[in-house]
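Heads up: the structure comes next, in structure tokens.
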Amino acid sequence: MLLPGGLCVARRPGHSRAEVKGDHMDIRALFMGLAFAFMWSSAFTAARTIVASAPPLFALSIRFFLAGIIGIVLARALGQSWKLSRVQWRATIIFGFCQNALYLGLNFVAMQWIEASLAAIIASTMPLIVALLGWLVYGEKVRPLGVAGLVMGLAGVALIMGARLQGDADPLGIALCIVAAISLAVATLAVRGASSNSNALMVVGLQMLVGSVALIGPALALETFDVTWSWTLIAAFTYTTLVPGLLATFVWFKLVHRIGTVKASTFHFLNPFLGVAIAAALLGETLGAWDVVGVAVITLGILAVQLSKQVKV
């Protein structure tokens with residue numbers, strides 16, 4: 001699964017006015033953005049279901065292998081080529097490792113001990129981390145609205161972490177999720193500007209295979225292939241392979257190509273709320289008052305950061 005801020009699509013001559021200037025959000029783009037936000041947010045509930053019955057690294061490696069093969073076969077059927085440029089190959093390998101192996105691997109392991117809603121909340125702060133690192137490390141200018149958004153987002157995270165640590169949330173699981181979000185944010189900044197729209201599905205498939213290869217070694221070394229089979233496990237595994245894995249990533253590529261990375265990333269402000277709501281509805285996870293307040297503050301913070309980046313051309 002590709003998070004917002006993934007492989008960015010460079011704007012090229014001949015694109016539509018919306019793609020070049022990013023000044024028009026049509027109905028199709030709105031639907032794609034909402035669909036992506038829902039699919040991405042639902043991945044945490046599916047992952048929590050999987051790790052309750054199967055070793056996380058083995059499950060992920062197998063998922064990435066299957067999704068990768070399906071993606072590549074479909075891409076070839078659509079006439080897409082795996083002859084990528086050097087920049088695209090670099091971005092594909094970096095994201096395949098950092099996003100699939102490192103980010104999702106750490107999240108899957110962490111969800112053996114923490115709830116899906118908490119993992120989703122931490123992961124949803126990735127746009128805030130990207131903006132913060134861009135400001136502190138790369139010296140990127142952040143407007144006052146963006147600064148306010150960063151402060152709000154960090155305050156929301158502090159509220160939730162304080163409440164959860166006083167409860168029964170596992171500190172190691174929280175730490176793994178935080179490291180995962182930071183690693184993906186760093187990778188996002190490292191591969192900005194890599195164009196991939198013409199071979200979007202092929203790039204998705206290749207990223208999946210990179211993740212599968214990277215995880216199979218740790219899985220063999222650290223885990224025992226002990227699975228408790230059930231229809232819920234099979235359903236969750238199938239869903240996470242096809243929907244958050246392949247379909248959501250493909251939709252993200254197309255959305256970025258249609259309206260640009262900045263406008264597309266605005267849909268991430270929905271992720272904290274959706275991630276918590278889906279986990280509560282399907283897994284029965286409970287939320288405290290500070291969780292609700294924290295999610296609201298983080299949501300507003302992400303929205304403020306993304307809106308601060310939107311500059312009319």
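Return a yes/no flag: does region 135-144 have any residue that is under 22 Å from the mean Cα position of the chain (by Cα) and free of Cβ contacts under 8 Å to residues at least 40 places away in the same chain.
Yes, region 135-144 contains a residue that is under 22 Å from the mean Cα position of the chain (by Cα) and free of Cβ contacts under 8 Å to residues at least 40 places away in the same chain.
Which is surrounded by 14 or more Cβ atoms within 10 Å (Cβ to Cβ) and closer than 13 Å to Pro127 by Cα, of Ala185, Ala169, Ala148, Ala163?
Testing whether each residue is surrounded by 14 or more Cβ atoms within 10 Å (Cβ to Cβ) and closer than 13 Å to Pro127 by Cα leaves just Ala185.
In region 64-111, what residues are buried (at least 24 other Cβ atoms within 10 Å of the Cβ) and touching a Cys at 6+ places or on another chain (Cβ under 8 Å)?
Matches in region 64-111: Asn107, Ala110.
When you look at Leu300, is it out of contact with any Ser or Thr (no Cβ under 9 Å at 6 or more places or on another chain), at pLDDT 90 or above, closer than 16 Å to Ala37 by Cβ and among the hydrophobic types (A, V, I, L, M, F, W, C), yes or no?
Here the answer is yes, as Leu300 does meet what is asked.
Of the conditions (1) crowded, with 23+ Cβ neighbours inside 10 Å; (2) closer than 21 Å to Arg28 by Cα, Val295 clears all except one; give me its number.
(2)
Please list, ordered by residue number, the helices (runs of 4 or more DSSP H) wholly in region 201-301 having 2 or more residues that are small (Gly, Ala, Ser).
Result: 231-240, 261-265, 271-283.
Please state which one of Leu255, Leu247, Leu233 is under 29 Å from Val73 (Cβ atoms) and crowded, with 22+ Cβ neighbours inside 10 Å.
Leu255
Could you tell me how many of the residues in region 91-136 are modelled with pLDDT of 95 or more and farther than 17 Å from Pro56 by Cα?
Counting residues in region 91-136 that are modelled with pLDDT of 95 or more and farther than 17 Å from Pro56 by Cα gives 0.
If we keep just the residues of region 70-99 that are among the polar types (S, T, N, Q) and part of a helix (DSSP H, G or I), which is farthest from the chain's Cα centre (by Cα)?
The residue in question is Gln88.
Run down Ser42, Ser53, Ser61 and say which single residue is part of a loop (DSSP other than H, G, I, E, B), of a type in the set (S, T, N, Q) and either modelled with pLDDT of 95 or more or surrounded by fewer than 15 Cβ atoms within 10 Å (Cβ to Cβ) (or both).
Going through Ser42, Ser53, Ser61 in turn, just one is part of a loop (DSSP other than H, G, I, E, B), of a type in the set (S, T, N, Q) and either modelled with pLDDT of 95 or more or surrounded by fewer than 15 Cβ atoms within 10 Å (Cβ to Cβ) (or both): Ser53.
The values are calculated or read from the model by the stated rules, or taken from the named source; none is laboratory data. Here the structure is a predicted model, which means the values were calculated and not measured. No Cβ is skipped: glycine too gets one built from the backbone with ideal geometry, and neighbour counts run over all protein chains shown.
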